[in-house]
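Take a look at the structure set out below.
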Amino acid sequence: MSAQQTPVPTAWTTGWTTVFDTGTWRSQLPVHMWRPAPCFVSCPLGNEIPLWIRSITGGSEEDYKAAWDKVVENDPFPAIIGRVCHHPCETDCNRQALEQPVAINSLEQYLGDLALEKGWTLPPAGESQGKKVAVVGGGPAGLSCAYQLRRFGYDVTIFEARDTVGGLLKFGIPEYRLPQTVADAEIKRVLDLGIEVKAGEAIDTADKLEALRKSYDAVFLAIGAQKAKRLPYLGDDARILIGLDFLEDVSRGKDPVLGDKVAVIGGGSAAMDVARTLRRLGKTVQLIALEGRNELPAQEDEILEALEEGVSLFDGAMVASLDTSKPLMELSCKKVLLDKEALAKGEIKPIPLEGSDFKLEAHQIIVTIGQDPTLDGFDTVVATEGGMIKTNGGPAANVPGIFAGGDVATMDRYVSRAIGQGKEAARAIAAYLGHPEIVPLPDYTLDDAVARNEINPFYFPIAAREERGHTAVTKRLRSFADVKIGYSEGQALSEADRCMSCGTCVECDNCYIFCSDMAVKKAPEKEEHYIILEQYCKGCGLCAAECPRGCIIMKQESK
Amino acid sequence: MIETKKHYDIPEEDVFLSGHFACPGCGEALAVRYVLNTMGPDTIAVVPPSCISIISGAQPYSSMKIPVYQTTLEASAASAAGIKRALIRQGKDHVNVLALAGDGGTYDIGFQALSGAAERNEDFVYVCLDNEGYMNTGAQKSGASPHLVNTAFTPGGKPTVKKNVVEIMAAHGIPYVATATTGFPDDLARKVAKARDMKGLRFIVVLTPCLAGWGVKDDEGVKVSRLAVDTGMWPLYEVEYGTKYTINRGPQGVPVMEYLKLQSRYRHLTPEMADELQRETDRAWELLQARATCVVSVSNAEPIP
Amino acid sequence: MSAVKLENPALDPALLQERRMLLKGNHAVSYGVMRCRPEVIAMYPITPQTPIVEKIADLALTGEIDAEIMTCESEHSAMSACITASLTGVRVFTASASQGLFLMHEMLHYASGARTPIVMPIVNRTLGSPWGFWPDQTDSLAQRDTGWIQFYTEGGQESLDMVIQAYKIAENPDVMLPAMVCHEAFYVSHALEPITVPSQADVDAYLPPFNPEHRLDVDRKESWGNVVTQEMFYRHRRDMGISMSHVPDLVTKADVEFAERFGRGYGGILEKYRCEDAEMYIVAFGAMCGTIREAVDQMREKNLPVGLLKIRLFRPFPVQAIQEAVAGIPRLVVMERNYSPGLGGILHQELKAALFGMENAPLVHGYLAGVGGVNVSVDRIEELTRKALAETPVVESVWV
């Protein structure tokens, strides 16, 4: 061996592994994204529920205001909706993977009531677009449409057949469910944006509609469904009354003359309203519905409250014949089953059960089985179908410039649906009128939404749902006081904390912290809050699994 | 008790770097991330042959932005001690020394050196990344492998129980002994920080699920880790000076089967075997609680001179 | 954690001066270590090495040694700690023997591979089984492939001096390899001799502080020991060989410089004793060389022209120096105290290999004279020498 030059040792490191592209190992890549929550998808108003509930958790008045501001983007009536919505959002709430759905409706009521208490105002009307729209009908759909149109900067005139706007909100929902002070205040707040109201001006002929069409840039038909359905086979005895007329009379302070025993026919919300109003008037109430207990279209709350209040429910039953010969009418009834195949198609087809006859007695019968729109004459201007105005699947009628929504255009007859349709119509009208900022809203289905099994239950400790207080039954029966007692601030906060914010990142850092490759980088400036470093991500999917709320999906990659 | 919370209190030092060669979703790499970033840049680490020595990088690159020395399987504790002694002589006593060893290098072949270092109360932090077997060599049994588990050496199930290294180390009377796991990163980071700021030998054993060796899905390592705790098979606790016990999180009423069924290494279990593991877990938890109560009543934690 | 020290040990300045002491060979080593100022000393007892580290413990108690003392639980841990302490950038020391050295074996490779210039005296002792405590060099010779420099010494003074020289050679930036200084059980380790302990100032002047180019340092963030490729491993081992190739010249230089400063020299790589006009060299290393000197004197008086060729550096094996030393000599006889079953005397075999291909290479006799520590007296050496001169050498080492 001879002496040679001393070499540099080979063993000391000179650099970092960050030069390696471990991302090449990957077959799937996490994509961090906003995803629709099921509550949002189910909401007929398109309410971005996780966002405003998250604002509530901030706990200050500023946070509550921010939450309310978010709500009223889609729903100008949180105090109303917070009381009367059938809340499909709660039905689909993923929280049921743990215990019970988040009480979204109660939270909305909390915000709505707080706004009225604090006198919060809606954002002002948008910059004028120099165009005007006629809204026919001042019910929930018309008011909602008018509100959104004002926000887009259109001049709006509501043509209302009654002496005042409000429709169902004022004359269809009893005081104990929706106090008039609340309805009035929220309606006034909308009108205060500069909406013209022409009350007592019914647009009920083709000529009037054509005239409107000529003087306005667009027309929105939201005339509702005013023509009550009847049961002709029961005859036309004067003691057979119509539910909506009864409710309007009561809401207008009239005291209908009735006997002690009243039968109500119907199984929907309106029938419940009639029955429960009757109980408050001291009547004995027999509620007869074709649907079985679990098929009743009324909301479960309402049914339970009605039963608490002493309504006698004859579910899965029909009145076969009526003997009007005595002051106390005799109702011959049968138990029925609904044909399941027909029910699946949305049809009601009762099958009487043999030997199930029974008899009831009543001084009056109040039929509350729904209404149809009054379209006399309109069909010469716009196409109709099935007793409703025919639309293109959205709010547009077959005539350019005419739009329709609410009960006149759908069988999906919920207040919140009507408000949602009003919003959609306003967007469609704005688009029709060439508004520069309108982009179509994505149409999500529950298949797009974060599913229950995508929720990581570890991050959500079991927490019982805060229930709204209920006025005692004895007090309810003595007055028309609000049945539901809104949340205290503490209740609202603790309930808001239960929201898992499905699909909406709250920057919990789980994806960041559980990446063994440091391939998730915080990016607070970005909408998705995090960046996936594709150079390093090996595609294990841990970030997606540990995302508590389904904000990360794994996208297959082919290389 | 540990609260599940929305934000983590884990230092974001960039000591552990991307581009390392750990398997996708590796529990050990996760643990190393929390440990190194918490120990901070003023740290010198010792790594024996193990997955960690693969993860730490192929020459000439390192995934750890601190000096790391790769020693032999049985020598981690002695090697760490040597570094610290040299640092003391250099007036750099503030520099932390960290041994990052696997369970084979801790419970088995490295135990003599570890026990010796503990007896001398050498001044460093020893973190055992316990994946319950020789996983880097293909999942053979180690002293850390649990009862009845299937390994390459115990295809019918391991006939004996897991060595209780925590109690053995606590019995040395060293300042700090703790258990941790990757499913509770806050707890892990807190313990590492606590250990870092103490003197003498501090020992933390971190249960780190090995996805390949345990037969766990790539994205379920953290879930498995949490279930280890919540079933009571891996209670989180600390022992100071061999006497002061603090239980951080015990079983949460989840049956052990919930943990076992996510791992193919337990696929062979009969219902009777599963029952046996449940009984053992219950008994071990009772024992731990009893020990925690009784030892602490005898003596509060005091440094042993 | 550090060794307990006497409070304010009033260190007598005289202790730093050159001292003349009556010391066992092992204690001489301890004093040599003391003068080298190691910063970390890892110790574990084993007969017959123990007195080295016991004395160090005493010197640390009095403050004469200022170092981190690690009382390890095994030789394996002692070596492990020495390696990392050295890599961190301080001078380290440990000592061992026999089984203890074998427990270290794995780490010996790590030490050389890590390029840590550890100096470790080995007190050569038989290896079990069966159990014994006798002088035998097989323990350290069996480590000849570990990448350590190996010196073999004859007595306490030489051992002391070689500890100092070993640090100088091992820490040379062109070397950076660990070194063993080997002396035999009892014959050297426990034998009292008058010893000169050099002054601290002289040793400081001779041996500069340890200051390696690379080290484990949080400011540099370099790591050592990551997985390498085949090619890198190949190059790493080749580099170790290159470093080894620097050692012989540096050994010679270190001895010359040592002699200049301290007035004692040992011939560097090897020493020739009364080799002039010799018909045969007795080739040996270690303690037996002392007896062979007397035997050579005795035989020279009887006009038997033989000399002693003492091999001091066994790794790297100084092939060139040996070839030069034996050129023109007809015969060599190796007398040694070690045995590799199936091979024979290790020095005998290595020596033959070193001479292979040499022009007019001498005949080489190999006698397994002292295996197991059996006494090889002056008369016995003369007897074996005459035997060698009378016979034709065989390939194998011979039990005599």
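The values are calculated or read from the model by the stated rules, or taken from the named source; none is laboratory data. On a predicted model such as this, the values are computed, not experimentally measured, just so you know. In this analysis, Cβ positions are derived from the backbone assuming ideal geometry, glycine residues included, and neighbour counts consider all displayed protein chains.
Within region C:351-375, the residues that satisfy the criterion of being without any contact (Cβ under 8 Å) to a residue 40 or more places away in the chain and in contact with an Asp or Glu (Cβ under 9 Å, 6 or more places away or on another chain) are C:His365, C:Gly366, C:Tyr367, C:Leu368. Check region A:232-245 and report whether any residue there is in contact (Cβ under 8 Å) with a residue 24 or more places away in the chain and under 21 Å from A:Asp379 (Cβ atoms). Checking region A:232-245: not a single residue is in contact (Cβ under 8 Å) with a residue 24 or more places away in the chain and under 21 Å from A:Asp379 (Cβ atoms).
Can you tell me which residues in region A:506-524 are farther than 9 Å from A:Cys543 by Cβ and more than 9 Å from chain B (Cβ to nearest Cβ)?
Going through region A:506-524, the residues farther than 9 Å from A:Cys543 by Cβ turn out to be A:506-509, A:513, A:516-518, A:521-524.
Of everything in region A:506-524, those that are farther than 9 Å from A:Cys543 by Cβ and more than 9 Å from chain B (Cβ to nearest Cβ) turn out to be A:Lys521, A:Ala523, A:Pro524.
Taking the numbered list (1) within 27 Å of the chain's Cα centre (by Cα); (2) among the basic types (Lys, Arg); (3) more than 12 Å from chain B (Cβ to nearest Cβ) in turn, A:Arg549 passes all entries but (3).
Scanning region A:387-403 for residues that are touching a residue at least 12 places away in the same chain (Cβ under 8 Å) and either exposed (fewer than 13 other Cβ atoms within 10 Å of the Cβ) or in a loop (DSSP other than H, G, I, E, B) (or both) gives A:Gly387, A:Gly394, A:Pro395, A:Asn398, A:Val399, A:Pro400, A:Gly401.
Considering only region A:490-513, state which residues are in a loop (DSSP other than H, G, I, E, B) and under 22 Å from A:Cys89 (Cβ atoms). Lay out the reasoning, then the answer.
Here is the first cut: in region A:490-513, the ones in a loop (DSSP other than H, G, I, E, B) are A:497-509.
Selection gives A:Asp497, A:Arg498, A:Cys499, A:Met500, A:Ser501, A:Cys502, A:Gly503, A:Thr504, A:Cys505, A:Val506.
Give the residues of region C:249-273 that are among the acidic types (Asp, Glu) and either at the interface with another protein chain (Cβ under 9 Å from one of its Cβ atoms) or closer than 23 Å to C:Pro316 by Cα (or both), sorted by residue number. Of everything in region C:249-273, those that are among the acidic types (Asp, Glu) and either at the interface with another protein chain (Cβ under 9 Å from one of its Cβ atoms) or closer than 23 Å to C:Pro316 by Cα (or both) turn out to be C:Asp249, C:Asp255, C:Glu257, C:Glu271.
Look at region B:190-212 and say how many of its residues are in contact with a helix residue (DSSP H, G or I) (Cβ under 7 Å, 6 or more places away or on another chain) and farther than 14 Å from B:Ala29 by Cα.
So in region B:190-212, the residues in contact with a helix residue (DSSP H, G or I) (Cβ under 7 Å, 6 or more places away or on another chain) come out as B:192-193, B:196, B:201-211.
Filter once more, keeping what is farther than 14 Å from B:Ala29 by Cα: B:192-193, B:196, B:201-205.
Residues meeting the conditions: 8.
Among the residues of region C:372-400 satisfying the criterion of being farther than 20 Å from C:Arg300 by Cβ and touching a Ser or Thr at 6+ places or on another chain (Cβ under 8 Å), which is surrounded by the fewest Cβ atoms within 10 Å (Cβ to Cβ)?
At the first step, the residues of region C:372-400 found to be farther than 20 Å from C:Arg300 by Cβ are C:372-375, C:391-400.
Going one step further and asking which of them are touching a Ser or Thr at 6+ places or on another chain (Cβ under 8 Å), we end up with C:372-373.
Working: C:Gly372: 14, C:Gly373: 20.
Among residues in region C:372-400 that are farther than 20 Å from C:Arg300 by Cβ and touching a Ser or Thr at 6+ places or on another chain (Cβ under 8 Å), the one surrounded by the fewest Cβ atoms within 10 Å (Cβ to Cβ) is C:Gly372.
Can you find a residue that is of a type in the set (A, V, I, L, M), within 23 Å of A:Ile462 (Cα to Cα) and more than 10 Å from every other protein chain (Cβ to nearest Cβ) anywhere in region A:482-493? Looking through region A:482-493, at least one residue is of a type in the set (A, V, I, L, M), within 23 Å of A:Ile462 (Cα to Cα) and more than 10 Å from every other protein chain (Cβ to nearest Cβ).
B:Ile247 falls short on exactly one of the conditions (1) surrounded by fewer than 21 Cβ atoms within 10 Å (Cβ to Cβ); (2) in contact with a Ser or Thr (Cβ under 8 Å, 6 or more places away or on another chain); (3) within 19 Å of B:Gly173 (Cα to Cα), and that condition is (2). Any idea how many residues of region C:283-297 are small (Gly, Ala, Ser) and either assigned by TED's automatic domain parsing to the domain that holds C:His183 or more than 20 Å from C:Val123 (Cα to Cα) (or both)? Number satisfying all stated conditions: 1.
Select from region A:94-107 the residues that are in contact (Cβ under 8 Å) with a residue 60 or more places away in the chain and either in a helix (DSSP H, G or I) or in contact with a helix residue (DSSP H, G or I) (Cβ under 7 Å, 6 or more places away or on another chain) (or both) and list them in ascending order. Walk me through how you get there before you give the answer.
Quick first cut of region A:94-107, residues in contact (Cβ under 8 Å) with a residue 60 or more places away in the chain only: A:94-104, A:106-107.
If the condition is that a residue be in contact (Cβ under 8 Å) with a residue 60 or more places away in the chain and either in a helix (DSSP H, G or I) or in contact with a helix residue (DSSP H, G or I) (Cβ under 7 Å, 6 or more places away or on another chain) (or both), then A:Asn94, A:Arg95, A:Gln96, A:Ala97, A:Leu98, A:Pro101, A:Val102, A:Ala103, A:Ile104, A:Ser106, A:Leu107 are the ones that fit.
When C:Glu359, C:Glu382 are checked against the criterion of being out of contact with any Pro (no Cβ under 9 Å at 6 or more places or on another chain), over 22 Å from C:Val247 (Cβ atoms) and in a loop (DSSP other than H, G, I, E, B), a single residue qualifies: C:Glu359. Please specify each residue of region B:61-91 satisfying the condition of being more than 7 Å from chain C (Cβ to nearest Cβ), hydroxyl-bearing (Ser, Thr, Tyr) and either crowded, with 24+ Cβ neighbours inside 10 Å or under 20 Å from C:Thr94 (Cβ atoms) (or both). Result: B:Ser63, B:Ser76.
The set of residues from region C:75-113 being in contact with a Ser or Thr (Cβ under 9 Å, 6 or more places away or on another chain) and facing chain B (nearest Cβ under 7 Å) comprises C:His76, C:Ser77, C:Ser80, C:Ala81, C:Cys82, C:Ile83, C:Thr84, C:Ala85, C:Leu87, C:Glu106, C:Met107, C:Tyr110.
Selection of region A:251-285 for residues being crowded, with 24+ Cβ neighbours inside 10 Å, of a type in the set (D, E, K, R) and in contact with a His (Cβ under 8 Å, 6 or more places away or on another chain) yields an empty set.
When region B:47-60 is filtered for residues that are facing chain C (nearest Cβ under 7 Å) and crowded, with 24+ Cβ neighbours inside 10 Å, the ones remaining, listed by number, are B:Ser56, B:Gly57.
Every listed requirement among (1) in a loop (DSSP other than H, G, I, E, B); (2) surrounded by 24 or more Cβ atoms within 10 Å (Cβ to Cβ); (3) not assigned by TED's automatic domain parsing to the domain that holds A:Tyr110 is met by A:Tyr487 save one, (3). For region B:93-108, the criterion of being more than 14 Å from the chain's Cα centre (by Cα) and facing chain C (nearest Cβ under 7 Å) is met by at least one residue. Just one of (1) touching a residue at least 40 places away in the same chain (Cβ under 8 Å); (2) away from chain B (no Cβ under 14 Å); (3) part of a helix (DSSP H, G or I); (4) surrounded by fewer than 19 Cβ atoms within 10 Å (Cβ to Cβ) fails for C:His190. It is (3). When region C:215-248 is filtered for residues that are within 14 Å of chain B (Cβ to nearest Cβ) and in contact (Cβ under 8 Å) with a residue 12 or more places away in the chain, the ones remaining, listed by number, are C:Arg215, C:Leu216, C:Asp217, C:Trp224, C:Gly225, C:His236. How many residues does region C:41-65 hold that are without any contact (Cβ under 8 Å) to a residue 40 or more places away in the chain and not in a helix (DSSP H, G or I)? Of the residues in region C:41-65, 2 are without any contact (Cβ under 8 Å) to a residue 40 or more places away in the chain and not in a helix (DSSP H, G or I). Of the listed requirements (1) within 20 Å of A:Leu143 (Cβ to Cβ); (2) touching a strand residue (DSSP E or B) at 6+ places or on another chain (Cβ under 6 Å); (3) at pLDDT below 90; (4) not hydrophobic (A, V, I, L, M, F, W, C), A:Arg413 misses just one: (2). In the set (1) more than 13 Å from chain A (Cβ to nearest Cβ); (2) in contact (Cβ under 8 Å) with a residue 40 or more places away in the chain; (3) more than 26 Å from A:Asp517 (Cα to Cα), the condition left unmet by B:Arg249 is number (1). Among the residues of region A:459-472, are any of a type outside the set (Ser, Thr, Tyr), in contact with a strand residue (DSSP E or B) (Cβ under 8 Å, 6 or more places away or on another chain) and either surrounded by fewer than 19 Cβ atoms within 10 Å (Cβ to Cβ) or within 13 Å of chain B (Cβ to nearest Cβ) (or both)? Scanning region A:459-472, I find at least one residue that is of a type outside the set (Ser, Thr, Tyr), in contact with a strand residue (DSSP E or B) (Cβ under 8 Å, 6 or more places away or on another chain) and either surrounded by fewer than 19 Cβ atoms within 10 Å (Cβ to Cβ) or within 13 Å of chain B (Cβ to nearest Cβ) (or both), so the answer is yes.
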